[in-house]
1. Expected output is a single nm value to one decimal: the length gained when fully extending between SER122 and THR102, i.e. 0.36 nm times separation in residues minus the C-alpha distance. What is it?
2. Just report the Cα centroid separation between the range 179-208 and the range 131-148, whole Å.
3. Mind giving me the nanometre distance, one decimal, between the label points for ALA94 and VAL20, set 7 Å out from Cα along Cα→Cβ?
4. Let me know the whole percent of all Cα-Cα pairs from the chain that are separated by more than 31 Å.
5. What are the radius of gyration and Dmax of the range 29-151, computed over its Cα atoms and given in Å?
6. Once you've got the GNM for the chain with C-alpha springs shorter than 10 Å, pick whichever of ALA197, ALA116, ALA140 has the biggest mean-square fluctuation.
7. Multiplying the sequence separation of PHE135 and GLU173 by 0.36 nm and subtracting their Cα-Cα distance, what value in nm do you get?
8. With springs connecting C-alpha atoms under 10 Å apart, model the chain as a Gaussian network and identify which of GLY119, GLY51, GLY92 has the largest mean-square fluctuation.
Amino acid sequence: MEIIRFADIHPEPWRNGGGVTRELASHPKVASAQDGAWDWRVSIADVSKAGDFSNFPGMERVITIIDGELLLLTIDGEEHPLEKYRPFRFSGEAASSATLPTGDIRDLNVIARASAFKGYTSIVEISKKRAHPVFEGQLAVLLEGKATVSPGADPEDESDGASQAASAAEPVELNRYDAVVGSDTRSPEISGRGFVAVISIDKVDSPNV
């Protein structure tokens, strides 16, 4: 079970110097977050002043406001008011800039190379009664509330002893913006009260030539 602790991530400046971002995950991991060599990246950015967004040619972006009330995003001259917890998709190649009508915001960014991957963000309310699994190819980020994560049962091991051991595993407490990496083997399960962002990264099938 892999947990990415937000407090351990060092903030990095935007490409254009207009803000700072914290990278939760990227692929491939050896690629530099500064030169855009990765095929996809999930990050959390702080926006404290109006200005241009960085340009990412060949990429598609999904942005979600996770703290603050409103971001007014202008893309190729057209204004889009972005409210909290409402994911918005747009081209990384587009000329984009933002203003902050209600003050500073923090946003969750999913950027993927359009020819190879497709990124999705869903906001899910979690419950103490029913754990929410995080599957392979997913990343779940605690946005608000209190939550714990535990390893799920191994679907390939049907012995009662293994099931009991999985159920007895001590849950791990999550802090705000901590991320849980999904798996299809004993998929992590999040429970508690609050909201999580579930990010899915899907491969894009290449068209037949």
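1. Result: 4.8 nm gained on full extension.
2. The range 179-208 and the range 131-148 have Cα centres separated by 8 Å.
3. 2.9 nm
4. Roughly 23 percent, rounded to a whole number.
5. So, for the range 29-151, Rg and Dmax equal 15.5, 47 Å respectively.
6. ALA116
7. On the way: separation 38, 0.36 × 38 = 13.68 nm, distance 1.90 nm.
Full extension of this stretch gives 11.8 nm more.
8. Fluctuation is largest for GLY51.
The values are calculated or read from the model by the stated rules, or taken from the named source; none is laboratory data. These figures come from a predicted structure and were not determined experimentally. Here Cβ is always computed from backbone atoms with ideal geometry, including for glycine, and neighbour counts include all displayed protein chains. For the accessible areas, the whole protein counts, side chains as well, though only heavy atoms, and no ligand, DNA or RNA atoms are used. Shrake-Rupley method; radii C 1.70, N 1.55, O 1.52, S 1.80 Å.
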